[in-house]
1. Most mobile of Ile56, Ile119, Ile285 per a Gaussian network model of the chain (Cα springs, under 10 Å)?
2. Measuring with a 1.4 Å probe in the full set of protein chains, what accessible area per residue, in whole Å², belongs to the chain?
3. Relative to the Cα centre, what is the charge dipole magnitude of the range 125-284, using +1 at the beta carbon of each Lys and Arg, -1 at the beta carbon of each Asp and Glu, and rounding to the nearest 20 debye?
4. For Asp231, enumerate residues with amide H under 5 Å from its amide H, sequence gap 5+ or separate chain, H modeled in the peptide plane.
5. At 222 nm, what value in deg cm²/dmol follows for the chain if DSSP H runs of at least 4 each add -39500 (n - 2.57) and the sum is divided by all its residues, to the nearest 500?
6. Over the range 132-283, with every protein chain in place, what whole percent of the accessible area is carbon and sulfur at 1.4 Å, could you tell me?
7. Relative contact order (percent) for the range 132-283, with alpha-carbon contacts under 8 angstrom and 6 or more residues of separation?
8. How big is the gap, in Å, between the Cα center of the range 177-201 and the Cα center of the range 225-256?
Amino acid sequence: MTEIRVLTDDAQFRAHMTVFRRAMHWSPFSDEQWQVARPSYEPGRVLAAFDGDEMIGTTQSYGSSLVVPGGAVVPHSAVSRVGVRADHTRRGVLSALMREQLSSLPDPVATLRASESRIYGRFGYGPASRWRTVEIDAKRAVIPGEMTGRVRMVDQDTADKLLPELHEAVGLARPGQIGRWPGWWARARDRKSEAENSVTVVHSGPDGDDGFLTYKVAEEKGFRHRLSIEDFEWADDDAWRDLWIFVSRLDLVDHIDIDLALDDPVSWLFEDPRVVHTREIFDEIWLRLTDVPRMLSARTYGEAEPVVIEVQDGLLPANSGCYRVSADGAERVEEPADVTIPVGLLGAVYLGDTTFSQLAAVKRLSGSRLADADALFAVQRKPYCGTFF
Ligand SMILES: CC(C)(COP(=O)(O)OP(=O)(O)OC[C@H]1O[C@@H](n2cnc3c(N)ncnc32)[C@H](O)[C@@H]1OP(=O)(O)O)[C@@H](O)C(=O)NCCC(=O)NCCS
């Protein structure tokens, strides 16, 4: 009989980490690694499944925030460390963990990254943004013109202090971006110290620091060098362009790799747009609306005739019902529905990555007035998070 418990102490947290890492085929953490991971365990947010006294499954969340269309920032649970011990899989352990977690999350929305894409739809998560991996031919990458501001390299201690503040100031602008929790920064710092040649540069414009970029360079055969951009945040177009000028003019670099939003205008930076090669497009955010009325009220809508949307949510039935969405906002109503949609697919359209019409075309939802629904949920910028967890 599986029992789900909320974990409270350090020894249980460490056992949780070991069960999760074993499920991912990774070795348990050393004492030193555990010290780095420990701050990511937040009381009240760590769940485990037990068979008697044995821990057999894990999940947890981190307290964060999420930017929604229109720019509002809402409290958000970043769900992670989902795993079930290999000798207990396919017996409903994950399902029990997910049910308990969904019913107890303190925030109106949760997101996760899915290492297995076929698992989370049944729990009401939908793929809500994608990233594009590009490789840039750096030797041919010419950005015309000069910088408007200044880019400086900072040492590790400065980066540790500056980046969380700067991310908070400039990194919560695009729908899909999330606030980073202290445990996230602790792991990021640790990963950087593992990669000795990781470099952080900070951009300053007329009003002070307004962007940063972290990269590392690996040497390949034949003295070729590959630069990977690992973290990149900016406040405005000038900071974005100046940081690109800096990395694209670094000596010795042959290729630059980076993950970007689907609508990132990077190709237009260069004299020759063909220096940018898209290598992969992949799902990024999986989003679960845990409080549908609150989340529908949190975002803004485009201009169109109002549409009544019926939401179906088998796991959190309080969300089920009809909502009238108009350019002025959303409210619960008792009216016939124009469109009926399962909560997971509402998660997929919520940030604007896909549309009602696209989902209707593939028979994933039914209804009428789809063009109005599309116009209401339309966004100016494709959603993108850019913070991996
Ligand atoms: C993925 C994992 C968490 C599933 O746990 P589980 O306890 O076996 O899941 P459940 O028994 O509750 O299964 C729930 C449903 O999901 C399906 N499912 C579970 N894992 C699946 C997988 N890897 N691929 C496809 N379907 C899967 C089950 O068949 C079941 O379907 P049903 O409801 O139609 O019967 C577990 O296998 C695991 O830890 N895997 C390795 C680590 C991992 O992938 N973690 C996810 C990180 S994002």
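1. For the chain, modelled as a Gaussian network with Cα springs under 10 Å, the answer is Ile119.
2. Ligands and nucleic acids excluded, the figure is 47 Å² per residue.
3. In debye, rounded to 20, the range 125-284 gives about 380.
4. For Asp231, the qualifying residues are Thr214.
5. After summing the helix terms and dividing by residue count, I get -7500 deg cm²/dmol.
6. 50 percent
7. 40 percent
8. Here the answer is 18 Å between Cα centres.
The values are calculated or read from the model by the stated rules, or taken from the named source; none is laboratory data. Values in this document were obtained by computation on a predicted structure and should not be read as measured data. All Cβ positions, even for glycine, are placed from backbone atoms using ideal geometry, and neighbour counts span all protein chains on display. Remember, those area values only see protein heavy atoms, side chains included, never the ligands or the DNA or RNA. Shrake-Rupley method; radii C 1.70, N 1.55, O 1.52, S 1.80 Å.
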